[in-house]
Amino acid sequence: MNCVERYLAKAAGVAETTAGQDLSCKVSYVAAHDVTAPIAIDMFRRIGVKKVFDPDRVALIVDHIYPANSEKARNNVWAMKDFADEFGVHLYHRGEGVIHQLMYEKHRAQPGELVVIADSHTGTCGGYGAVGVGVGSTELAAAMATGRLDLEVPQVIQIYLTGKRRSNVFGKDLILYLGSLFGTDYLVDRAMVFTGPGIEDLSVAERMTVCNMGIELGAMITLFGTVEKEPDTLEVKEIDLGSLEPQIARPFSPANVVPVREVAGTPVTQVVVGSCTNGRLNDMEQVAKAFEGKHVHPDVNTLVVPASKEILDEMERRGWCRIIRDAGATVLNPGCGSCFGAHEGLTSERDTVVSTTNRNFPGRMGSMKAKIYLASPATAAATALAGKITVPGEE
Amino acid sequence: MEIIKGKVIVLGDDVDTDQILPGYAMAEPYDQLGNFAMAGLAGLDFKSVYEPGSIIVAGRNFGCGSSREQAPIALHQLGVSLVMAKGFARIFRRNAINIGLPVWAADIADRLKTGDLAEVDLEKGTVAVNGTVYEFTPMAPTVLKTLEYGGLIPRVRAELGIE
């Protein structure tokens, strides 16, 4: 058995399993946010059960639209508050941060534990070895009621990492590069597992970025294993981290990836650093380091969105907020920010954006015609300063 | 399950959930979501070709992106009767079945054009268009059963004997 099979077998309480088998697995944590929770709550009430499986293992988190940008959005928050009051589950509705970061900070699963969140980027917890499966609202309601998730054990694509990355290459560049290899659907219903000595060159935060975007390749589960090669995987792809250079996804697909140098010089009007993909302290450090004593290009609207209040607090302690503001950029409240096109930095057709977020679909950040490029915080910061797409470290 | 008849609307690969239901529509009340179905579709004014009961026919990876159950709900409320695609993103596929929208893996987009009338038998796995019958792997019985109940919650309630 490979590690995904071992973990899922344990969660299902069986000695052995193999790809293709249907299992009913015990869930360790369940969570939903203000886009998915309201329907999940409605579905939960329709099931007709009187309690959630374990209130201490259920969290509702307002991150997508905080503070509310409409009466409707505010009503969704009230629905979550009412549910939390009635069933005793955890509620975060004061701008504490993005769901995947808060689960890491407040409700961290152990390696191998199953995490079910009504959000597609649930794989993020694979950065610390947990098994994250993203679901919709109905399946989440069922998981809240039963504490279990029915699933089919996926085949595993193993990414065996060797070497050390260059100073301008990050987890984001690795996952973008994998997108260029696999495309958007090769991993549908499959799992992607990272092993090999190269994983030691990626911090947990960098690993979370990698796992966050597994879904953009279609993956059901993405996680980091150990340096040891896993047995029983469908295929093994070896990648030397030292061979990678900074990568960027061009409009309008996260898998439409080239090295940054191939599009260097493209004028940019907005830069966004943040989200569940790249809003952690190490990401903010890249921005603060690049911006110190400098000013962003006058044509670039630069938005920095920490993934949580804890991260924002630490940025303030270290003086990074001051550096970022003095550089002419804006530090926004923790949350999903402009990533998904509801508020806080929407585009018009005149905009070209470099963003550290996870999707550049048409209309993702407002205008259908706005061009969105996806890159690492280092690339985004260098681009904000230069006003055009720039390879970090080669300004 | 009854045979599904409808006008075909052919779309391309990677039709993502932001195109099916844009982020700005996400906080809309549940019963209003159908008004925003396909509001973000690139390259086609969906409403101009849509007729009640239309069948969407697409390429690879339909429904990629977000876990928002609002996306299949919006198509279902609008009255789309079926989505046939070469492939579906995992979460969208499960969401659609769970809320009672038939989605079926059938690689037929290249053989049809928008405006064709199709008759689809999911149990037999056949698609009849312009006198030609195409055959695919029939829909799995367990999926058909959930659809016949109108989705996962009605099925579970019925199976648990909840009135």
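Before moving on, here are some points about what is shown:
- The stretch B:97-139: GluC sites (Glu not before Pro) falling in loop per DSSP and having at most 15 other Cβ within 10 Å: B:Glu123
- Fraction of the pair-distance distribution of the stretch A:141-251 above 24 Å, Cα-Cα pairs, percent: 25 percent
- Loop-located trypsin sites (Lys or Arg not before Pro) in the stretch B:1-84 (DSSP state not H, G, I, E or B) with no more than 12 neighbouring Cβ atoms inside 10 Å do not occur.
- The phi-based Karplus calculation (6.51 cos²θ - 1.76 cosθ + 1.60; θ = phi - 60°) puts the 3J(HN,Hα) values of the stretch A:133-138 at 10, x, 9, x, 5, 5 Hz, whole numbers, x for Gly and Pro.
- Other-chain or far-sequence residues with amide H under 5 Å of B:Ala27's (modelled H): none
- At R0 = 45 Å, FRET efficiency that the Cβ-Cβ distance of A:Asp240 and B:Val49 yields, to 0.05: 0.40
- Leading residue at positive end of dipole, the stretch B:4-160 (Cβ point charges), from B:Leu101, B:Thr132, B:Met26: B:Leu101
- Length gained when the stretch B:Glu148-B:Met1 is fully extended (0.36 nm per residue, less Cα-Cα span): 52.3 nm
- In terms of surrounding Cβ atoms within a 10 Å radius of their Cβ, B:Cys64, A:Cys321 rank from fewest to most as A:Cys321, B:Cys64.
- Kirkwood hydrodynamic radius over Cα pairs of the stretch A:3-152, then Stokes diffusion coefficient at 37 °C and 0.692 mPa s, in µm²/s: 213 µm²/s
- Distance (nanometres) between label positions extended 7 Å along Cα→Cβ at A:Asp150 and A:Arg350: 5.4 nm
- Taking the helices alone, the protein assembly as shown has a mean residue ellipticity at 222 nm of -8500 deg cm²/dmol, built from -39,500 (n - 2.57) per DSSP H run of at least 4 residues and averaged over all its residues.
- Using θ = phi - 60° and Karplus 6.51 cos²θ - 1.76 cosθ + 1.60, couplings along the stretch B:42-58 (whole Hz; Gly, Pro as x): 7, x, 7, 7, 4, 4, 6, 10, 6, 10, x, x, 4, 10, 7, 10, 9
- Both radii are taken from the alpha-carbon atoms of the stretch A:293-333; with Rh as the Kirkwood radius, Rg/Rh is 0.99.
- Additional length obtainable on full extension of the chain from A:Arg325 to A:Glu228, 0.36 nm per residue less Cα span: 30.5 nm
- Average Cα contact separation per residue, the stretch A:44-100, under 8 Å, 6 or more apart, as relative contact order %: 50 percent
- Where a label projected 7 Å from the Cα of B:Val133 along Cα→Cβ would reach, residues of the stretch B:96-120 with amide N under 20 Å: B:105-109, B:111-112, B:117-120
- Karplus-derived 3J(HN,Hα), 6.51/-1.76/1.60, for each residue of the stretch A:317-324, Hz, glycine and proline x: 4, 8, x, 6, 4, 4, 4, 5
- Across the alpha-carbon set of chain B, the Rg to Rh ratio works out to 0.95, Rh being the Kirkwood radius.
- Hydrodynamic estimate: the Kirkwood radius of the protein assembly as shown over Cα pairs, inserted into Stokes-Einstein at 10 °C and 1.306 mPa s, corresponds to D of 67 µm²/s.
- Within-13-Å neighbourhood charge of A:Lys172 [Cβ basis; K, R +1; D, E -1]: -2
- Model label zone, A:Asp201; criterion: amide N under 17 Å from point 7 Å along Cα-to-beta-carbon; scope the stretch A:155-183: A:159-178
None of the figures in this text is laboratory data; all of them are computed from the coordinates on show. What you are looking at is a predicted structure, and each value in this text was computed from that prediction instead of being measured. Using ideal geometry, Cβ is built from the backbone for each residue, glycine included, and neighbour counts are taken over all protein chains shown.
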